[in-house]
Amino acid sequence: MKLHASSTQQYQTVTGYDENGVEINAQPYNYSLIVMPEMPPRAWEVDSFEQLSEAHFAQILADAPDVVILGTGERQRFVHPKLTAALTMRRIGVECMDSQAACRTYNILMGEGRKVTLALILAPVTGSAA
């Protein structure tokens, strides 16, 4: 799905997504990443929801966002509270949703000027059989 441009072009905006990846400012990504409005997207070493650990959320904590939108793939899944305890102790909210909803929500919150982080789990693309 392509998303319309807005007045937030100087920020990192989700401009499209599909089952294979996401576009940030029209640049395609097909691996898990962390996106914040005023920082370039960066790789997030998570290949699957089941792989999530406290260390993955510690990477996000270092950025001190107000809220984290966690895109969990094709369907909404919820992380165990022990994984996000460090964020919760700092009063940083974590919202889990399917990845498409996460992308839309990130754009809305970013457009409102919120200090939001999009943590998006994208399964690695595997090669097709020849």
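The values are calculated or read from the model by the stated rules, or taken from the named source; none is laboratory data. As the structure is a prediction and not an experimental result, all values here were calculated from the model. Every residue, glycine among them, receives a Cβ derived from its backbone with ideal geometry; neighbour counts consider all protein chains shown. To get the accessible areas, we keep the full protein, side chains included, count just its heavy atoms, and leave off ligands, DNA and RNA. Shrake-Rupley method; radii C 1.70, N 1.55, O 1.52, S 1.80 Å.
Descriptive notes on the structure:
- Per-region count, region 17-39, residues at pLDDT 95 or above and either in a strand (DSSP E or B) or among the basic types (Lys, Arg) (or both): 10
- Verdict on residue 95 being open to solvent by 30 Å² or more (accessible area, probe 1.4 Å), over 16 Å from residue 11 (Cα atoms), at pLDDT 95 or above and in contact with a Lys or Arg (Cβ under 8 Å, 6 or more places away or on another chain): no
- Matching residues, region 40-60, being in a helix (DSSP H, G or I), surrounded by 14 or more Cβ atoms within 10 Å (Cβ to Cβ) and either touching a Phe, Trp or Tyr at 6+ places or on another chain (Cβ under 8 Å) or among the polar types (S, T, N, Q) (or both): 56, 59
- Subset of region 102-119 that is in a helix (DSSP H, G or I) and open to solvent by less than 20 Å² (accessible area, probe 1.4 Å) - its residue that is farthest from residue 18 (Cα to Cα): 110
- Selection within region 61-92 - closer than 19 Å to residue 29 by Cα and surrounded by 13 or more Cβ atoms within 10 Å (Cβ to Cβ): 69, 70, 71, 72, 73
- Condition check for residue 76: under 23 Å from residue 18 (Cβ atoms), among the polar types (S, T, N, Q), part of a loop (DSSP other than H, G, I, E, B) and in contact (Cβ under 8 Å) with a residue 12 or more places away in the chain: yes
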